[in-house]
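Derivation of every value follows stated rules applied to the coordinates shown; laboratory data play no part. Fair warning: this is a prediction, and the values are worked out from it, not measured in the lab. Using ideal geometry, Cβ is built from the backbone for each residue, glycine included, and neighbour counts are taken over all protein chains shown.
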Amino acid sequence: MRDPINKRILRDLAKEWKRYLVLFLLMSFMIGIASGMFVANGSMLKAFDDSYTKYSMEDGHFILKEEATEELLEDMPDNIDIYEQFFKEVPEVTDGNEDAVVRVFRIREDLNIACENEGRLPETEDEIAIDRMHANNVGVGIGDTITVSGKDFTIVGLIALPDYSTLFKKNSDIMFNAIDFDVALLTDSAWDDLNGNITYEYAFRYDETPASDKIQKEWGDDLVEKIAVIAATGGYTDNKDEAEELADNVDEWTALLENIDETTSMEDISEAMDNLEALEPYGDNENELTDFVPRYANQAIQFAPEDFGSDVAMMGVLVYVFIAVLAFVFAITTSNTITNEAAVIGTLRATGYTRGELIRYYMMMPVIITVLSAVLGNILGYTAFKDTVVSMYYNSYSLITYETVWNPNAFINTTLIPLVVMTAVNLFVIVRKMRLSPLKFLRRDLSTSKRKKAMRLPRFRFLNRFRLRILLQNIGGYIVLFFGISFVMLLLAFSVGLPETLDHYKETMTEELISEYQYILKDYKDEDGSIITTDNSDAEIFSMENLVTTDGVNVGEGITVYGVTDDSSYIDADLPEDGVLISSAYGTKFGLKEGDTIVLKEKYADKTYEFTVRGIYNYTGGLGIFMKNDMFNDVFDLEEGSFSGFFSSSKISDIDEDMIYTVITKEDIMSLSTQLDHSMGSYMDYVSIACLLIGILVIYLLTKLIIEKNAGSISMVKVLGYENSEINSLYVNLTSAVVIVFAFVSAFLSIYGLTFIFKIIMCSMSGWFDIYISFKGILKMVGILLVSYFIVSFFDVQRIKKIPLTDALKNVE
Amino acid sequence: MSEKELQEFLSVCNVYKGFGEGDSRQEVLRGMDFQVRKGEFCVLLGPSGSGKSTLLNIIGGIDSADDGYISIAGDKLRDMDEKALTRYRRKHLGYVFQLYNLIPNLNVKENIEVGAYLSDDPLDIDELLNTLGLWDHRYKLPNQLSGGQQQRTSIGRAIVKNPDILLCDEPTGALDYNTSKEILKLIEDVNQKYGNTVIMVTHNNAIQDMADHVIKLRDGVVRKNIVNENKISAVDLDW
C-alpha cells in the first residue's frame, strides 16, 4: 500500500498555489538564466574548439615586407603549410562612422575560412562581406552600401573570420575595437582593383597539430627564428649562425671587391666574385619578416574564449546564494506547516508512523518544486535564456555560428547543486523539528528550549511593555526574520554592489594607475645601438615582464613584474636590495605577507623565478611585483642598464613610433571591469527586481508566521475590545520597527558576506579588485527591502483584521 | 498465550513519573500498579491531575516512566529503544484523542487509510466505514463533518490496523451527551467485534458502568481497582 499521506501533496500544492507558484517561477527564472549562461558558454567554447577543423583555423601567421617569391616559399620550413592571406588596410565609410579602418582580404578558401553568419560571400566586383559585429556596431546590414577605399560596395554577407573573433587591430593592443576596425572579404578581382597598400601576410598550419600551448610556443619560437633567417637570406639557410657567417663573408667579399689594389690576388677576386654570383639567386628572394603571431598568442583568436569563463564564475555563485535563500524560505514554510500540524504529527507518531516516513513526506514539496523548477529552468536555459546570453556574446565578439550542446557543467550547477542545497537545508530543518517527541507534538509544544520565567520589564508605558513582551515572546520568529532579511540583503548587495564596484573601480582607476601612460618599447636601443631617451621630464624608465603564478588560489594567473628606478616618482616605496615588494592586490588575493617566498614561472616555458616578499606596496590596480631595475636585469639575464619602456604622466612625442611596441593607458587596464560591466552589469537590474520579489516573499512568510503564532492573543485582545488600529500599533508597528533595524544591521553585515563571496569569485578569475558599496548603495539596499516590507505590511494588516474573535475561545490542549 | 499471560496482558508495575525540577517538581504518578487482561474494556477514571493521561501516554510508549515499568505480553517498554517503541506502537497500538487530530486535506476514507498503511493485515476499510456509520461521508473532508463523525473517523483510523490495544484519551471530552453515547457504543462494539483491549481515560464517572475493569486514580496512585461484574451497555448509560 502506498503511503496515503502522500496524497496530500497535490492538495497542499493546490491550497498554497500562489506561494509555490512564486517560488517555482523565481527558481525557474534563476536556474534558467544560469543554465542559459552555462549552455551558451559551453556551446560557444565547443564551437571555438571545432572551428580549428571546421573553418581550418591557422596555427599562426607572419608578415613579410614584400611578397615572397615562389622559391622563398619553397625554402620555408617543411613542417608547415603556408597560405597567402594578403590584405589591404583601407578607410571604410558608413553613414554612422567616418573613421573606420577595414582590413580587406580575398575570399579565403583553404585556411581561416569565413563563417557566413548572414547572407553570402561576394560574387561580383561590387559586393562585399564584412564582419557581422562591426556591421551591427555601425548600424549597417545586408543590402546597405559602404565605401571602402573610395569605392562603393554592397554588403551581401555578414561574416565572422575565425582568426578575428575579437577585432584586435594589432596584437599588442590591450583592448579590441569593433567600431573603428573591421575585416572584410572581396572577390579576387575586386580585391586586385582596390586601392591600397598590400600587407603580405602568410598564414600557416603545422603538418601535425600541436598538442598544447606549450608545444605551440616551442614550435613557434623555433619557427620565427627560421622564417626570419630564411627571409633574410632569401632561402639560403634557416640557420642563424650560418646566416651570420654568410653575412660576414658577404661583407668581406664585397669589401674585397670594392677595395681591389695591387695586393689583392686574382684568386681572391675570382673566388669572391664566384661566391657572390652563386648567392645572386638568393638575393632575388631576399625578404624581411616584419611580424609573427602564433595562434596561442593571437589575441584576436584567444581573447573571446578566455573571457567567457568569468561570467560563468560570477553566475554560479549568484545562483548558489539565490538557491540558499529559496531553500531557507522553503524550510521556514515547511517548519511553519509542521507547527500548524503538530497535533496531527503527534497522533501519527503515536500510532506508529516513523520519523523517517514523516520527514520524507515533508521533504517532498521542496524537492518536487526544485525538480520542476530545474526542468523548466533548463528548458528555458537551453532555449530563450541561452539565446539571450549568446546574443550578448555576439554583441561583444565576432563569433562563428554554434550548435547548442548538452552541458554537464550546466546540469551540475543548475540542477544537481540546487537540489542538493535545497535538500540539505530542508532536511536539516525538518529533521531538527521532527526530533521532538510525539508527546510534544500532541501538546503543540514545539519549543526546544526550556520555559523561562517571565522577565521583569522596566517601567515603560503599558503599550510599550506590551510590545516588548510580544517581542520577547516571539524572539525565535524575529531571529528567523533577521536571517531571512540578511539573506535577501546579501542578494541585494550583489545586485547593487557589483555595478557600484565596477563604477568605483573605473572612477578611482586614474588614481590607481602607476602612470597615465606606460610606453613599452620594442627595444631599449634604436637601430644604431643608441639608448632611446626622451626629453619629456615626466618620463622615467622601467622594466616589465609577465610571469604566471605556480601555486596559490589561482595557478597560472598573470603577474606583472616591474623593475623601477631607485628614486622612482611613480612607485613611492623603498625598494629592497634582496627581495621584492608585491602589490596589495596580489597580497590580498593570494594571502601573501612579508617574508613569504613566491615562485613564478614563464607562461609558455618551464623556467621559474623565486622571490622573497619584503613588503606590500599599496597598489590595487593589478597583480604585480616591484623590484629595482638593476635587480630586474639581473633576474631576467638582461644587459646592464636595459629597460622596457617609460612611465609618464604625459604623452611622449619624441620617440620614434616604430620603436614603440605599445602604450598602456587607463582604458586598457580597465578591460576587466569593462568586460564584467558589459556582460554582468546588464543582469543586475533583473537581479534587483528578483531581490525585491524574494524580499516580499521572505518577509511575507516570516511575518505571517509571527502573526499566526499570535492569532490567539490577537483574537483575545479583540475580544477585550481593542480596536484594529490599536492591535496594528502593537503587532505591525513593532514588526516595522524591528524590520527597519534589521534592514540596516543586515545591510552592513551583507557587505562582509559579499566581500567574502567576491573574494572567492575573484580567485577563480584573473585580476583583482575589492568590492565597493557606497553609503548611497547601502541606502538603496535598505530602501528596496523596506519597500518589500511595506507591501507585505499591507497584507499583515489585512490578516490581523481577519483573525476571528472565536480564535480566543478555541479549546487548545 | 497462557492463562497467566492473558490475565496479565498489560502490566503496570510500580510506575513513578514526575515533572519539573527542584521546588517546582511535581510527582504525577507515585507507584502505579495494576494489570489489564487481554480483550478487556478498562477505564482509568479520575479527576484532573490524577495522572491518568500521563499513564496512558506511558502505556502508549510516547512518554517514559521515571521508575517502574510497563510490560505488554511480557515485553517491557523500558527495554525498548526509540525504534522498537515506534515498532511497538505501529504493531500493537491504536490511539484516539479528545481532539480527533485528523489530517485536514485527506477525506474520511483516506484518513482511515493512513492507519491501514501501518498494518500488514488491516481490516477491510469499506466494511469498517459501514461499521462506523461513515459510508455516506467517506469522501468528505474533516471540516465537512460533525464532531461525532470526526471522532468516528479517528476511531476508524485507530482500529483499522486491528491493534491489540486501543488507547482512548477522553474520546468524548469534546462531544455532547448523545454523540458521546454513540461514540462509547462504537468503542464497545469495536471491543466486542475485534477483541481489542481498550484502555480509556475519562473523568466521567458514568462511563465506568460499561467497563470490564475500572481503575480509579487520585494523586498519582490507584485508589480502587474494580472488576465490574455487572457492566451495562453504553446505550444504557446516563449522566
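Tabulated data for the structure shown
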item: Cleavage-rule hits (trypsin sites (Lys or Arg not before Pro)) in the stretch A:1-48: DSSP loop, at most 16 neighbouring Cβ within 10 angstrom; result: A:Arg2
item: Beta bridges by DSSP in chain B, antiparallel share as percent, to the nearest 5; result: 55 percent
item: Residues whose placed amide H lies under 5 Å from that of A:Arg108, excluding near-sequence neighbours; result: A:Ala114
item: Loop-resident sites, the stretch A:126-228, for GluC sites (Glu not before Pro), counting at most 15 other Cβ within 10 Å (DSSP); result: A:Glu208
item: Dimensions in Å of chain A - Rg and Dmax from alpha carbons; result: 35.4, 136
item: Reachable lysines from A:Lys801, criterion Cα separation under 20 angstrom, eight or more residues apart if same chain; result: A:Lys704, A:Lys709, A:Lys718, A:Lys810
item: DSSP H segments from chain A that extend 24 Å or more along their own axis, Cα-based, with Kyte-Doolittle mean of 0.5 or above; result: A:17-54, A:299-340, A:355-382, A:417-434, A:475-512, A:681-709, A:724-763, A:775-802
item: Label zone at B:Asp236, where the point sits 7 Å out along the Cα-to-Cβ direction: the stretch B:162-193 residues whose backbone N lies under 17 Å; result: B:181-182, B:184-186, B:188-189, B:192
item: Shape call, the stretch A:517-664: gyration tensor on alpha carbons, a/c limit 1.5; result: prolate
item: A:Asp99-A:Glu74 FRET efficiency (beta carbon distance; Förster radius 60 Å; 0.05 resolution); result: 0.90
item: Estimated distance in nm for a label pair at A:Asn177 and A:Met659, the labels positioned 7 Å out from Cα along Cα-to-Cβ; result: 2.4 nm
item: Helix-only mean residue ellipticity at 222 nm for chain A, each DSSP H run of n ≥ 4 adding -39500 (n - 2.57), per residue, nearest 500; result: -17500 deg cm²/dmol
item: Prolate/oblate/rounded label for the stretch A:98-195 (Cα gyration tensor, a/c 1.5); result: rounded
item: Nearest 10 degrees, 0 to 90: helix B:177-194 Cα axis against chain B principal axis; result: 80 degrees
item: Aspartates and glutamates whose Cα lies under 15 Å from that of A:Lys780, excluding same-chain neighbours fewer than 8 positions away; result: A:Glu500, A:Asp685
item: Given 12 as the ceiling on other Cβ atoms within 10 Å, longest exposed-site-free region of chain A for chymotrypsin sites (Phe, Trp or Tyr not before Pro) in DSSP loops; result: A:1-405
item: Loop trypsin sites (Lys or Arg not before Pro), the stretch A:131-212, which have at most 16 other Cβ atoms in a 10 Å radius of their Cβ (DSSP); result: A:Lys170
item: Point-to-point label distance, B:Glu27-A:Glu640, nm (Cα→Cβ direction, 7 Å offset); result: 10.2 nm
item: Kirkwood hydrodynamic radius of chain B, from inverse mean 1/r over distinct Cα pairs, in Å; result: 18.2 Å
item: Pairwise label distance in nanometres, A:Thr383 with A:Asp596, each label 7 Å out on the Cα-Cβ vector; result: 4.9 nm
item: Centre separation in Å (Cα based) which lies between the stretch B:37-72 and the stretch A:313-329; result: 51 Å
